[in-house]
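The values are calculated or read from the model by the stated rules, or taken from the named source; none is laboratory data. Every value quoted in this text rests on a predicted model; they were computed, and no experiment measured them. Here the Cβ is made from the backbone with ideal geometry for all residues, glycine too, and neighbour counts use every protein chain on show. Accessible surface areas use protein heavy atoms only, side chains included; no ligands, DNA or RNA. Shrake-Rupley method; radii C 1.70, N 1.55, O 1.52, S 1.80 Å.
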Amino acid sequence: MERMRTRKEHHTDPAPTPAPAPSIPPARWAVRAAQLITLLALPTGLWRLAMVCGFPSGYTAAGFVPFDTPGSKLWMLTLSVACELLALLSLGLVRPWGESVPHWIPVIGGRPVRPLAAVVPAAAGALALTAIWAAIPLWWTYPHPDMTPAGRLLVGVIYQPLVLWGPLLGAVTVSYYRRTRLTRRHAHR
């Protein structure tokens, strides 16, 4: 018994980890822009999901044939889900889980996110998305013989908002970088 008491008396708790510096809240416009990004990819994802379900979604009968295969359906489903998940990641730039890994994630949960670990992929994504969607405003200048006139109009309209995805993500990324840099500065004072 004495031996157990001695161990308890000599037991020292590890030094408590310092509390993280209070985070500077994101700008209201950045929150709105991040929320808008999640909505930009939604119409095209729903359009592709309709095609996965067998609806021609504006294609002629002959034009829809290449999309009515198991491989094409799997690709469209994967693309729709991946695009929406990537769009949802932009919320991490304006939410607490973009500054501290959620506790439920094994091994790294609770650790602070290094700002460049978020900024570099987000900035690369913003540049890539800007390049990918830059030609979409010219949609109606290209021939689309495999689509109906209404389908051509529908697809052109639902893809136009994607032009904003890259620039909005770039702006939210710059906001995140500035905000986390200021938070780190205040923490070191």
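What the table shows:
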{"quantity": "Residue that is farthest from the chain's Cα centre (by Cα) [pool: residues in the stretch 138-149 that are open to solvent by 70 Å² or more (accessible area, probe 1.4 Å) and touching a residue at least 12 places away in the same chain (Cβ under 8 Å)]", "calculated": "PRO145"}
{"quantity": "Residues located in the stretch 41-56, provided they are over 11 Å from the mean Cα position of the chain (by Cα) and closer than 13 Å to LEU86 by Cβ", "calculated": "LEU42, THR44, GLY45"}
{"quantity": "Residues located in the stretch 99-112, provided they are charged (D, E, K, R) and open to solvent by 60 Å² or more (accessible area, probe 1.4 Å)", "calculated": "ARG111"}
{"quantity": "Filter result (among the hydrophobic types (A, V, I, L, M, F, W, C), assigned to a helix (DSSP H, G or I) and within 30 Å of TYR176 (Cα to Cα)) within the stretch 29-79", "calculated": "TRP29, ALA30, VAL31, ALA33, ALA34, LEU36, ILE37, LEU39, LEU40, LEU42, LEU46, LEU79"}
{"quantity": "The stretch 46-57: number of residues that are open to solvent by less than 20 Å² (accessible area, probe 1.4 Å) and either at pLDDT below 95 or of a type in the set (Phe, Trp, Tyr) (or both)", "calculated": "1"}
{"quantity": "Selected residue (criterion: farthest from ARG28 (Cα to Cα)) from residues of the stretch 85-98 that are buried (at least 16 other Cβ atoms within 10 Å of the Cβ) and without any contact (Cβ under 8 Å) to a residue 40 or more places away in the chain", "calculated": "LEU89"}
{"quantity": "Residue match in the stretch 113-128 (condition: surrounded by 13 or more Cβ atoms within 10 Å (Cβ to Cβ) and touching a Lys or Arg at 6+ places or on another chain (Cβ under 9 Å))", "calculated": "yes"}
{"quantity": "Helices (runs of 4 or more DSSP H) completely within the stretch 82-189 that count 1 or more residues being in contact with a strand residue (DSSP E or B) (Cβ under 9 Å, 6 or more places away or on another chain) and under 17 Å from ARG48 (Cβ atoms)", "calculated": "149-159"}
{"quantity": "Meets criteria (under 25 Å from LEU153 (Cβ atoms), open to solvent by 40 Å² or more (accessible area, probe 1.4 Å) and modelled with pLDDT of 95 or more) for PRO70", "calculated": "no"}
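To keep it simple, each residue is scored yes or no on (1) aromatic (Phe, Trp, Tyr); (2) under 19 Å from ALA171 (Cβ atoms).
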position	(1), (2)
THR69	no, no
TRP75	yes, no
LEU85	no, no
GLY98	no, yes
HIS103	no, no
ARG114	no, no
THR130	no, yes
MET147	no, no
